[in-house]
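These notes concern the structure reproduced below.
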Amino acid sequence: MVAADPDWTALRASFQGRIEDSVTGKESFGTDATGLRAEPSAVVAPEDPSDLVRLIAWARSNRVPLVARGGGTSLTGGSVAFGEAIVVDFSRWDSIHEIDAKNRWARVGPGVINRALQRKAASEGLFFPPNPGSWETSTLGGNAATNASGPRSFRYGSFRRWALQANLVLGTGERFAVGTRSSKRSVGPELLDVFIGSEGILGLFVDLTVRLAPIPPRRTALAVPLNGKARVGPLAQRLAAAPQLTFSAIEYLDALTAGELAKIESSRLPSGPAILLLEVESQSPEEEDRQLGFLQQLLNEIGETQEALVFPDADALWSLRGKSGLALDRRFGSRLREDVAVPLGIVDRLMDSITSIAAEAKIPVYVYGHLGDGNLHPNFVIDPADPAAERIRERLLTETLRLGGTISAEHGIGWLKRSYLSGEIGAVGVELLRSLKHRCDPDGILNPGKLLEASSDVR
Ligand SMILES: Cc1cc2nc3c(=O)[nH]c(=O)nc-3n(C[C@H](O)[C@H](O)[C@H](O)COP(=O)(O)OP(=O)(O)OC[C@H]3O[C@@H](n4cnc5c(N)ncnc54)[C@H](O)[C@@H]3O)c2cc1C
């Protein structure tokens with residue numbers, strides 16, 4: 001809730017960064033990848049952490065909410081400035097301060113684009129494993145705040161596993177450094193973990209140190225058209241369990257999504273069948289041949305006899321895979337997009353639930369996702385503003401929890417799923433999170449109404 005009359009003159013007098021309040025200057029900051037829209041009262045870009053501390057002091061005394069924003073690719077409404085909030089634009093904090101190749105870490109500004117870090121790290125023979133489909137446009141700050149992951153998270157895990165240290169400014173205006181560069185420590189619960197995935201409600205990242213991994217000598221990306229003989233859960237489990245194969249990604253596109261993605265220029269994906277997208281890592285050409293031969297043999301045994309297509313540039317395949325949502329945007333516009341996960345062994349039960357929820361609602365559903373992680377993204381073709389869409393979401397999330405899964409594998413809770421939070425972490429979990437929020441942000445100015453429901457936010 002914004003104070004009736006924030007003192008803009010005081011802000012202009014103390015703040016050194018850019019303040020944008022023209023309608024055209026604010027326009028592109030009014031939405032995120034959900035298509036939800038709310039006009040911010042201003043967009044501000046602090047010069048440096050001290051400027052951010054001044055902004056927070058002003059926001060506290062004027063009771064103005066602040067919404068941190070990196071690339072604005074959130075799929076949960078997380079970076080939309082509801083309630084006339086001010087957007088804090090970190091996109092210019094895009095300096096890669098340091099890469100320590102020997103110790104394998106990078107210190108970056110929160111506005112560094114994920115792919116830009118990948119490119120820079122590659123010149124040192126290293127890479128940053130979390131590679132979300134949005135890697136050309138999302139930032140390290142946003143990736144940290146959502147505990148993002150991507151296709152290669154099957155082998156390497158999500159952001160949290162790669163975070164070493166962070167510097168933040170809390171909602172109190174205190175500067176807080178958290179984490180360590182040691183590869184392990186045992187000093188109580190790891191507080192850094194609390195801030196990864198905190199969706200900008202506790203503090204704002206001003207810099208991050210992340211671990212890097214050595215680029216494997218050979219990476220082979222493959223598209224395997226499926227003939228539908230085997231169910232995808234046991235198929236993925238069998239592949240994942242084969243000790244002869246080193247997969248870094250096991251991705252799935254159903255036939256409908258693959259058909260849309262095949263229309264993208266230079267796609268090379270076949271249209272017609274459902275497809276598995278795989279990445280295999282190997283140390284030498286001989287080992288690569290051995291793994292690919294074994295893979296084809298295993299697929300034949302399972303009954304999947306179609307030849308796999310090899311993609312020489314694995315990263316190009318992951319960029320194409322990242323356009324799945326875009327391909328569906330082109331065809332259908334906005335729709336109900338979800339992000340749920342269950343243990344891999346029961347992913348077919350989740351798939352069946354998705355199909356029956358869509359059939360009962362008499363709407364098409366397109367499904368793709370990070371299959372190896374049991375993470376599916378069903379896209380129900382229904383206007384998300386239709387009240388029936390929320391009933392579909394509720395059924396899907398309830399069913400996912402019943403199966404022992406999670407209501408968000410990687411996109412976060414944001415605005416769209418805040419009312420479902422207690423279903424997953426329970427009343428005590430929500431209470432703990434609220435106490436933490438109260439300590440870090442007593443006035444509730446940071447991203448109110450996101451992750452937690454609004455009641456205890458801006459007071
Ligand atoms: C085409 C497409 C593909 C995608 N694929 C994936 C995928 O494979 N895996 C995946 O995990 N996600 C994916 N996403 C979702 C999205 O890209 C991720 O959630 C991403 O991490 C958001 O980064 P961002 O820089 O765009 O953050 P924003 O949208 O700007 O912000 C996201 C959240 O982070 C907070 N935040 C931003 N910067 C800071 C900061 N400096 N300090 C504190 N909080 C901050 C915001 O307030 C907000 O709550 C995809 C999205 C799209 C559009």
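How about the stretch 84-98: which of its residues are without any contact (Cβ under 8 Å) to a residue 40 or more places away in the chain and away from the ligand (no atom under 14 Å from the Cβ)?
Residues satisfying the conditions are I96, E98.
Inside the stretch 45-60, can you point out the residues that are in contact with an Asp or Glu (Cβ under 7 Å, 6 or more places away or on another chain) and within 14 Å of the ligand (Cβ to nearest atom)?
Going through the stretch 45-60, the residues in contact with an Asp or Glu (Cβ under 7 Å, 6 or more places away or on another chain) turn out to be 45, 60.
Correct list: A45 only.
With the requirement that a residue be over 23 Å from Y252 (Cβ atoms) and in contact (Cβ under 8 Å) with a residue 40 or more places away in the chain, what does the stretch 289-300 give you?
The answer is R290, and nothing else.
Considering every residue within the stretch 195-210, establish whether at least one is among the charged types (D, E, K, R) and assigned by TED's automatic domain parsing to the domain that holds Q118. Steps first, answer last, please.
Let us first name the residues in the stretch 195-210 that are among the charged types (D, E, K, R), namely 199, 207.
Next, only the ones that are assigned by TED's automatic domain parsing to the domain that holds Q118 stay: 199, 207.
Checked against the condition, which is being among the charged types (D, E, K, R) and assigned by TED's automatic domain parsing to the domain that holds Q118, the stretch 195-210 yields at least one hit.
Residue check: is E399 over 28 Å from L292 (Cβ atoms), among the charged types (D, E, K, R) and crowded, with 23+ Cβ neighbours inside 10 Å?
Here the answer is no, as E399 does not meet what is asked.
Yes/no per residue for (1) in contact (Cβ under 8 Å) with a residue 40 or more places away in the chain; (2) touching a Phe, Trp or Tyr at 6+ places or on another chain (Cβ under 8 Å); (3) within 14 Å of the ligand (Cβ to nearest atom); (4) under 25 Å from R37 (Cα atoms):
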residue: S408; (1), (2), (3), (4): yes, no, yes, yes
residue: K417; (1), (2), (3), (4): yes, no, yes, yes
residue: E424; (1), (2), (3), (4): no, no, no, no
residue: E453; (1), (2), (3), (4): no, no, no, yes
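Output yes when any residue across the stretch 367-385 is within 21 Å of the chain's Cα centre (by Cα), assigned to a loop (DSSP other than H, G, I, E, B), within 16 Å of the ligand (Cβ to nearest atom) and surrounded by 20 or more Cβ atoms within 10 Å (Cβ to Cβ), and no when none is.
Yes - at least one qualifying residue is present in the stretch 367-385.
Assess whether P216 counts as being part of a loop (DSSP other than H, G, I, E, B), within 29 Å of L276 (Cα to Cα) and at pLDDT 95 or above.
When the stated conditions are applied, P216 passes them.
For T180, all conditions in the list (1) free of Cβ contacts under 8 Å to residues at least 24 places away in the same chain; (2) within 9 Å of the ligand (Cβ to nearest atom); (3) of a type in the set (S, T, N, Q) hold save one; what is the number of the exception?
Of the numbered conditions (1) free of Cβ contacts under 8 Å to residues at least 24 places away in the same chain; (2) within 9 Å of the ligand (Cβ to nearest atom); (3) of a type in the set (S, T, N, Q), the odd one out for T180 is (2).
May I ask you to say which residue of L208, L191 is within 16 Å of the ligand (Cβ to nearest atom), of a type outside the set (S, T, Y) and without any contact (Cβ under 8 Å) to a residue 24 or more places away in the chain?
Unique residue meeting the criteria: L191.
Just to be sure, is E199 within 16 Å of the ligand (Cβ to nearest atom), under 20 Å from P130 (Cβ atoms), modelled with pLDDT of 95 or more and part of a loop (DSSP other than H, G, I, E, B)?
Criteria met by E199.
Which of the residues spanning the stretch 265-281 are modelled with pLDDT of 95 or more and farther than 20 Å from Q237 by Cα?
Listed by number, the list is empty, since nothing qualifies.
Test I113 against the stated conditions and say whether it is in contact (Cβ under 8 Å) with a residue 12 or more places away in the chain, more than 15 Å from the ligand (Cβ to nearest atom) and of a type in the set (V, I, T).
no
Can you tell me which residues in the stretch 426-438 are within 25 Å of A57 (Cα to Cα) and without any contact (Cβ under 8 Å) to a residue 40 or more places away in the chain? Steps first, answer last, please.
We begin by selecting, within the stretch 426-438, every residue within 25 Å of A57 (Cα to Cα); these are 433-438.
L433, R434, S435, H438 - these are the residues of the stretch 426-438 that are within 25 Å of A57 (Cα to Cα) and without any contact (Cβ under 8 Å) to a residue 40 or more places away in the chain.
Is there any pair linking a residue in the stretch 320-336 that is touching a residue at least 40 places away in the same chain (Cβ under 8 Å) to one that is within 12 Å of the ligand (Cβ to nearest atom) and among the aromatic types (F, W, Y), with Cβ under 7 Å and at least six apart or on different chains, and which?
If the second residue must be within 12 Å of the ligand (Cβ to nearest atom) and among the aromatic types (F, W, Y), the pairs left are G322/W135; S324/Y368.
Could you give me the residue pairs with C-beta distances under 7 Å whose first residue belongs to the stretch 340-353 and is among the charged types (D, E, K, R), whose second residue is surrounded by fewer than 16 Cβ atoms within 10 Å (Cβ to Cβ) wherever it lies, and which are 6+ apart or on separate chains?
D348/R231
Which one of A101, A106, A81 is more than 13 Å from the ligand (Cβ to nearest atom), buried (at least 24 other Cβ atoms within 10 Å of the Cβ) and over 16 Å from G171 (Cα atoms)?
A106
The values are calculated or read from the model by the stated rules, or taken from the named source; none is laboratory data. Because the structure is a prediction, the values reported are computed rather than measured. All Cβ positions, even for glycine, are placed from backbone atoms using ideal geometry, and neighbour counts span all protein chains on display.
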